[in-house]
Amino acid sequence: MHLNARPAEAGPGQEVPAAAGVGSETMSSNVNPQEVEKFAALASRWWDKDGPQKALHALNPARLAYVARYQTLQGAKVLDVGCGGGLLSEALAKSGAQVTAIDMAAPLVEMAELHQLEAGLTIDYRVQTVESLAEEMPGQFDAITCMEMLEHVPEPASIIAACAKLLKPGGQLFLSTLNRTPAAFALAIVGAEYIARLLPRGTHDYRSFIKPAELAAWLRAAGLDLHDVSGLAYEPWRNAARLSTRVDVNYLACARKGTLA
Ligand code: SAH
């Protein structure tokens, strides 16, 4: 694990001690410490298929299939942003990608490190923001995945801009998030958090959900071309997900950086 040693970027008088378990850049950058703490608290059960991250386990095969539809993974240099305990990072590595993975919850990155030892993988895990990695490794990745994270950060557009900078010309960005619709409110919050108890209560805030048109505008502003939006439909009766044409709840997007960039 690479613990980012860059100093905090807060101006005078702005510095606040970081909360336990949250990377030191937290208070001065595009990170919501309460959100990161909430995820950090789940570290010990992250890989439990029936635990609080059961839904992420269920989404994982469909997300991997979506990435693989557009991106050859064997030998590709891939960055997983907001990797959590490494569910998708490991799946990408097992498909032959050379993976770097970052998250601002240190306990999750530690859990990911431990878990990959069992799996015999060599993912480069780091506690670092994507904005700071973009300064360090611009133009180095064939593909970037950022799944189920944008709805937890103060400025998603800044994450997207940093990803654009990290991609090689022709590189691809894969995103997944929740749409801001009544259906998403009913299913992802009321259904999943209160009725089925699939997710811990308070996992999601409806106001942070993102409409595809908003995502498209941020991608355009970052110089990326959106070329697909697909639904990711969770089916509770089999605790699994499939790709779908309905984008009103969970959805995936794929955008490409121009070859002249
Ligand atoms: N992408 C993973 C985990 C999703 S949970 C998966 O889908 O399997 C959201 C993750 O985003 C948490 O691990 C949380 O710690 C992380 N996160 C939230 N804000 C972040 C930020 N600004 N930078 C990096 N990681 C962040």
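The values are calculated or read from the model by the stated rules, or taken from the named source; none is laboratory data. Predicted, not measured: the structure shown is a model, and the values here were computed from it. Here Cβ is always computed from backbone atoms with ideal geometry, including for glycine, and neighbour counts include all displayed protein chains. Accessible surface is based on the protein model in full, side chains and every heavy atom, while ligands, DNA and RNA are left aside. Shrake-Rupley method; radii C 1.70, N 1.55, O 1.52, S 1.80 Å.
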Probe 1.4 Å, heavy atoms of protein chains only: per residue, the accessible area of the stretch 30-155 in Å² is 37
Over 28 Å (Cα to Cα) among 49/168; 49/165; 94/165; 54/165 -> 49/168; 49/165; 54/165
Log10 I(q)/I(0) at q = 0.31 Å⁻¹ for the stretch 83-127, from Debye over equal alpha-carbon scatterers, is -1.17
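For the stretch 103-227, just say rounded, prolate or oblate: build the C-alpha gyration tensor, square-root its eigenvalues into a ≥ b ≥ c, call rounded for a/c under 1.5, and beyond that prolate if a/b exceeds b/c, oblate if not. Walk me through the numbers before you get to the answer.
Numbers: a/c = 2.25, a/b = 1.18, b/c = 1.91.
Because a/c hits 1.5 or more and a/b fails to exceed b/c, the stretch 103-227 counts as oblate.
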The alpha-carbon pair-distance distribution computed for the chain, with 5 angstrom bins and whole-percent values, is 1, 6, 14, 18, 21, 19, 13, 6, 2, 0, 0
Quick P(r) readout (the stretch 112-168; Cα-Cα; 10 Å bins; whole %) gives 20, 45, 30, 4
For 141-148, 163-170, ranked highest to lowest by mean beta-carbon neighbours within 10 Å, the order is 141-148, 163-170
Across the alpha-carbon set of the stretch 183-236, Rg over Rh with Rh taken as the Kirkwood radius works out to 1.09
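When the helices in the chain are scored as -39500 (n - 2.57) per DSSP H run of 4 or longer and the sum is shared across all residues, what 222 nm value do you end up with, to the nearest 500 deg cm²/dmol?
For the chain, the value works out to -8500 deg cm²/dmol.
What is the chain's relative contact order, in percent, from Cα pairs under 8 angstrom and six or more apart in sequence?
Numbers: 519 pairs, mean separation 47.4, N = 261.
About 18 percent, as a whole number.
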Residue separation between residue 136 and residue 238 times 0.36 nm, minus their alpha-carbon distance, gives in nm 32.5 nm
For the stretch 155-232, averaging the sequence separation of alpha carbon pairs under 8 Å that lie six or more residues apart and dividing by its residue count, the contact order in percent is 36
Any residue on another chain or 5+ positions along whose placed amide H is under 5 Å from the amide H of residue 171 is listed here as 257
Computed over the stretch 153-261, the distribution of all Cα-Cα distances in 10 Å bins, rounded to whole %, is 14, 41, 30, 13, 2
Highest mean packing first, using Cβ neighbours within 10 angstrom, the peptides 100-110, 230-240 sort as 100-110, 230-240
